[in-house]
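Chemist: Would you mind keeping the following structure in view while I ask a few things?
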Amino acid sequence: MPSLVSVLVSLSVIVATVILVLLLYSVIFPLVRRLGRYEPSSLVGTFLISLRLPVALYVGLVGLYLAITIPFNLSDLESTLINKFAFLCCIAIAVLAISVVISKGCLWYIVNIAPKTPTILDDRIMPLVRRVAVLVVIGIGGLQILDQLGINISPLLAGLGLGGLAVALALQPTLSNIFSGTYVMTEGVVSPGDYIEMEGGLSGYVIDVSWRSTRLRTWENNLVVVPNSRFAESIITNYQSPSLPMNILVRCGVSYDSDLDSVEAISKEVTQNVIGSDSNAVEAYGSWFGFDNFGDSNVDFWIFIQARDRLSSFELKSNLIKHLHKRFSEEGIVINYPVRTLQFPERLFVETHSDRENVVHKE
């Protein structure tokens, strides 16, 4: 039967421990943060807030351990059980502290650092790292607790290894998409809002690049989900990279009777007028003109200009074609329809005509 003095000493230690825990949690940690001028959004402030509860629990555990072991005369069995329980509690508190620090640290990075980086990889990977790291720490802590309780964890580790292999084989397509998604996000060549065209002809605006798939919105306003494993292996044309301005090539042709010097001068004049008056054009880029080849019906030429972006290129190209056609009509310059002229030798024509007259005479 414990004596009254032992009980009073134990209660005193418990009361002192409770007061110390309250002071640590409510006064000391906030005071340290204020004296150090650590904002809650700073990294040090985040760690101080994360460690406040684990440190308070650890101090409370130490005080409770002292309140039980010092005043009372415990047997060897009781001491062993209390030490075992205290050690298990220390492992649990350590797991809690590490988990909270990792979780809060990753969250601090997601909020303060990730939005400032040029890629979206860390925006996507850090939440996954946060969850996986916390689960790994909890798993290791759980195995340590089982080992301290005398439970053989070797079969459990072997089972986890075989189970992990089976899960990896079953999730092979999903894992392939995840690794491909990491590659796509790491490359940074495709971002939400870009207009792209894939090797098979599929094209549209990139809505989102996730771990498993990439989502596109086509010009028909339909949603297309492309697995990242196929997306990473496809040849992709990004119409908004390396910069927004887009080059435009307009092809045309004039009849062989046209004065090519006049055609060149008129085409350059019309092009300069369109570039100067159309806000969709990049005037600083200028324009380029050149005759291409002798076609079946026309002498072909091309005009090269630049638009502000892909959407502007459609209107700018249409505007240039309309002004060029109107000016050619005013100047009498002909753009032929596809025409093929067949010329036969005169002798062949006479012989063929004579054969036809003989056939008619015989009839």
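Every number here is computed from the coordinates shown, using simple stated rules; none is lab data. Values in this document were obtained by computation on a predicted structure and should not be read as measured data. Positions of Cβ are backbone-derived with ideal geometry, glycine not excepted, and every protein chain shown enters the neighbour counts.
Chemist: Which percent of the Cα-Cα distances in region 214-271 go past 20 Å?
Modeler: 58 percent
Chemist: What FRET efficiency would be calculated for the residue pair Asp147, Thr117, taking the C-beta separation as r and a Förster radius of 41 Å, to the nearest 0.05?
Modeler: Efficiency at R0 = 41 Å is approximately 0.50.
Chemist: Related question: Once fully extended, how much extra length lies between Phe294 and Ile19, figured as 0.36 nm per residue of separation less the alpha-carbon to alpha-carbon distance?
Modeler: 89.3 nm
Chemist: Let me ask something else about it. Sorted by mean Cβ packing within 10 Å, highest first, what order do the peptides 135-142, 104-111 take?
Modeler: With the highest mean Cβ count within 10 Å placed first, the list reads 104-111, 135-142.
Chemist: Would you kindly give the portion of the calculated P(r) for region 246-331 that falls above 23 Å, as a percent of all Cα pairs?
Modeler: Summing the P(r) of region 246-331 above 23 Å gives 19 percent of all pairs.
Chemist: Straight-line reach from Lys116: which lysines fall under 19 Å, measuring Cα to Cα and dropping same-chain residues less than 8 apart?
Modeler: The reachable lysines, counting only those whose Cα sits under 19 Å from Lys116, are Lys104.
Chemist: Using only the alpha-carbon atoms, what does region 186-238 span along each of its principal axes? Please give whole angstrom values in decreasing order.
Modeler: Result for region 186-238: principal-axis Cα extents of 28, 20, 16 Å.
Chemist: Relative to the present Cα-Cα distance, how much length would full extension add between Asn73 and Ser103 at 0.36 nm per residue of separation?
Modeler: Between Asn73 and Ser103, full extension yields 6.6 nm more.
Chemist: Post the alpha-carbon centroid distance, region 298-326 to region 58-121, in whole angstrom.
Modeler: For region 298-326 versus region 58-121, the Cα centre distance is 69 Å.
Chemist: Now a separate question. As a test of the definition: which semi-axes, in Å, follow for region 4-169 when you take the square root of five times each eigenvalue of its alpha carbon gyration tensor? Largest first, please.
Modeler: They are 36, 29, 6 Å, listed largest first.
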